[in-house]
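Enquirer: Following this message is one structure expressed as structure tokens.
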Amino acid sequence: MAVPRTYGGKSTVLTGILGALGLLSLLVGSGNGRTASSAALETSNYRIYTADPSPNPEWLGRVSERREEAHRRIQAFLEAPGPSPKIDYHIYPSFESKGLSTGNTQLAHADIENNAIHLVINDWIRGDDTRMDAVLLLRRHLGRPATHLLETGLAVYFSNEWRGKGYRYWAGRLHASDNMPALAELVDNEALRRESYLVAEAAAGSFVDFLIEEFGGSVLVEHYGAWRPAPDEIQRLQNGWWSHLARQPAAAAKQLAARTRPPSDRFQKGFCHAHEGYQIFNGYLSRKSDDALEKLADMGTNAVSITPFTYMRDPQRPVPLRFSHRAGSENDESVIHSSHTAHQLGMSVMLKPHIWLGGGRWPGDVEMRTATDWRLFFDYYYRWMRHYALLAEMYDIDLLCIGVELARTTASHENEWRRLIQRLRGLYSGAMVYAANWGEEFQNIAFWDALDYIGIDCYYPLTSHDDATAEDLRQGAEAMFERVERVYDRFHKPVLFTEIGFTSTRAPWKKPHEPAWRHSAFVDHQAMCYEAVLGALYGKQWCNGIYWWKWPSFLEHGGQKNPGFTPNNKPAEKIVRKWYGKSW
């Protein structure tokens, strides 16, 4: 699909998709989990809803055929009597429209109470893989099992091409790369709840596949509700399951060592795309975010970073790191959507997961007190990052940033970082970088050789002068780059400025990392810093890209009165256009 480069709300990627499907009216829902339309088609077991008053009959017929075939297959497996109540099946053209109508932006979800399924189908992603059909029918006929792994696994077992290549492929990747969780963790309901749903669903589908092969479907159904395995049974089943995995087609294992997406040699003229709004309509998966990305492309940007956050309350206490699921947050659907939009616009994407600490603290404060706590921290961190490595592989994200400014962890635990990199490489075939804090951490990291890029979140002062001239700033930028180049000379890995930025305040060159909320806007000084940095960086062969902090997910954020980091609608935007318009 050709994507226009105009911006401003009329020629967006999402508008093109919605217009093509004729489903624009789905953007307004009734607010009770149903679309505003009447059923477009009624079959033996489904009422299918779209907002298009005249949906394409062939398309609608294919959807209904898939539904009925899946229903027959699941009912036959369960030996369930029929007929049964019809399922209301609501189709949305985008994550945003689904979220605005239901408050849930997941690719698909089941409303058990109302016997309904809500999902996204458009020209690049489909949520009709039959998992949710299976969940409704399992709950209806068998109830919720004591061991939740069985429901998760059996629903995935019935899916069609789960996450593109199917659960067998992804389970094979997890197992062959030493990334598969132990069965003892998966049968623990609380541990399963904390696990990455991508990892859990692939593993559970594969385990149920093994159980059916080993014992038969009727035995699984018979014991479905009450089964709670004893420890000795868990170990026997794990041994059998892993032997079953080893007998699966070897295609997945053969691909583990293949670097199918080597580091790009294209200079990354980038921005950190920031999820500013924390609402469905102005976050990463919104039309407004598409507008913002289109404007970036129009400015000459060819790369963006996307940042999902987790949270630690206490930087000295290890806790499982939570994943973003709330509809207005930087959840997986928002990452998938914004990455797709950026790719459609010709931009590469860096996935840059980040730990947030409140109370004025930052990731550099993370430091455990005991060896046991350190082991727990790295285990929790690995499990969190494993999820994003798998997500990045599934959705062809170009670059994975494995950490951000965790200065005290990198200073004292080189081996743990090397082990993390090794394990993630088994899942993710793209390039990897770490985003070191400027100064001591950046200069002292020893594992740059294990990565594809040297990364720096760069906030070195350019000068201490209040009334600096353009020449003062240019000399300060040159001195800053000399420091960075000295690290390059030790490892000979290309450098990425994973973050660099200046607020729109007076003399931001003195303390570039200082937030702007205490200061008044003064946009011209920000532009002077941009000019100095880009002018000094141009032509530096050791550098492979720069990502400015930051660009908002909705274009109303910015302007002459905004003292923050964004250059949107400020003089610095013109500086970006000038330099990003050049051939690097």
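The values are calculated or read from the model by the stated rules, or taken from the named source; none is laboratory data. A quick note: this is a predicted structure, and the numbers were derived from the prediction, not measured. FYI the Cβ positions are ideal-geometry reconstructions off the backbone, even for glycines, and counts take in every protein chain you see. Just so you know, the surface numbers come from the protein's heavy atoms only, side chains and all, with ligands and any DNA or RNA stripped out. Shrake-Rupley method; radii C 1.70, N 1.55, O 1.52, S 1.80 Å.
Enquirer: Search the stretch 355-368 for residues that are at pLDDT 95 or above and pair each with any residue that is basic (Lys, Arg) when their beta-carbon atoms are under 6 Å apart and the residues are at least 6 apart or on different chains.
Expert: Qualifying pairs under 6 Å: 367/408.
Enquirer: Would you check which residues across the stretch 120-146 are touching a helix residue (DSSP H, G or I) at 6+ places or on another chain (Cβ under 7 Å), open to solvent by less than 10 Å² (accessible area, probe 1.4 Å) and over 18 Å from residue 74 (Cα atoms) and list them?
Expert: 120
Enquirer: Now a separate question. Only one residue in 466, 452, 457 is more than 30 Å from the chain's Cα centre (by Cα) and not hydrophobic (A, V, I, L, M, F, W, C). Which one?
Expert: 466
Enquirer: Do you know which residues across the stretch 134-187 are among the polar types (S, T, N, Q) and in contact with a Ser or Thr (Cβ under 7 Å, 6 or more places away or on another chain)?
Expert: Within the stretch 134-187, 159, 160 meet the criteria.
Enquirer: Looking at (1) touching a helix residue (DSSP H, G or I) at 6+ places or on another chain (Cβ under 7 Å); (2) open to solvent by 20 Å² or more (accessible area, probe 1.4 Å); (3) within 18 Å of residue 272 (Cβ to Cβ), which is the only condition residue 508 fails?
Expert: Of everything listed in (1) touching a helix residue (DSSP H, G or I) at 6+ places or on another chain (Cβ under 7 Å); (2) open to solvent by 20 Å² or more (accessible area, probe 1.4 Å); (3) within 18 Å of residue 272 (Cβ to Cβ), residue 508 misses just condition (2).
Enquirer: Conditions: (1) under 23 Å from residue 366 (Cβ atoms); (2) open to solvent by 70 Å² or more (accessible area, probe 1.4 Å). Residue 457 meets all but one. Number of the miss?
Expert: That leaves (2) as the condition not met.
Enquirer: Go over the candidates 69, 79 one by one and state the one that is over 30 Å from the mean Cα position of the chain (by Cα), open to solvent by 30 Å² or more (accessible area, probe 1.4 Å), over 19 Å from residue 285 (Cα atoms) and at pLDDT below 95.
Expert: On inspection, the qualifying residue turns out to be 79.
Enquirer: How many residues does the stretch 408-450 contain that are over 22 Å from residue 173 (Cα atoms), touching a Lys or Arg at 6+ places or on another chain (Cβ under 7 Å) and among the polar types (S, T, N, Q)?
Expert: Going through the stretch 408-450 one residue at a time, the tally reaches 0.
Enquirer: Another question about this same structure. Please state which of the following conditions residue 456 fails to meet, knowing it meets all the rest: (1) closer than 22 Å to residue 321 by Cα; (2) in contact with a Ser or Thr (Cβ under 7 Å, 6 or more places away or on another chain).
Expert: Going through the list (1) closer than 22 Å to residue 321 by Cα; (2) in contact with a Ser or Thr (Cβ under 7 Å, 6 or more places away or on another chain), residue 456 breaks only (1).
Enquirer: Moving on. For the stretch 566-584, which residues satisfy the criterion of being open to solvent by less than 40 Å² (accessible area, probe 1.4 Å) and part of a helix (DSSP H, G or I)?
Expert: Within the stretch 566-584, 571, 572, 573, 575, 576, 579, 580 meet the criteria.
Enquirer: Do any strands (runs of 3 or more DSSP E) lying entirely in the stretch 400-512 carry at least 3 residues that are over 21 Å from residue 356 (Cβ atoms) and touching a residue at least 24 places away in the same chain (Cβ under 8 Å), and which ones are they?
Expert: Fully inside the stretch 400-512 and qualifying: 495-500.
Enquirer: Then there's this: For residue 294, which of the numbered conditions (1) within 18 Å of the chain's Cα centre (by Cα); (2) farther than 26 Å from residue 405 by Cβ fails to hold?
Expert: Single failed check for residue 294: (1).
Enquirer: Another question about this same structure. If you go through the stretch 544-565 one residue at a time, how many are free of Cβ contacts under 8 Å to residues at least 60 places away in the same chain and either open to solvent by less than 30 Å² (accessible area, probe 1.4 Å) or in contact with a Ser or Thr (Cβ under 8 Å, 6 or more places away or on another chain) (or both)?
Expert: 3
Enquirer: Within the bounds of the stretch 547-554, is there any residue that is over 29 Å from the mean Cα position of the chain (by Cα), closer than 27 Å to residue 277 by Cβ and not small (Gly, Ala, Ser)?
Expert: no
Enquirer: Against the condition open to solvent by 30 Å² or more (accessible area, probe 1.4 Å) and either out of contact with any strand residue (DSSP E or B) (no Cβ under 7 Å at 6 or more places or on another chain) or in a helix (DSSP H, G or I) (or both), how does residue 539 come out, does it pass?
Expert: So residue 539 passes the test.
Enquirer: Would you confirm whether any residue within the stretch 256-267 is modelled with pLDDT under 95 and open to solvent by less than 20 Å² (accessible area, probe 1.4 Å)?
Expert: no
Enquirer: Counting just the residues of the stretch 117-158 that are touching a Gly at 6+ places or on another chain (Cβ under 7 Å) and small (Gly, Ala, Ser), which one comes out nearest to residue 343 (Cα to Cα)?
Expert: 153
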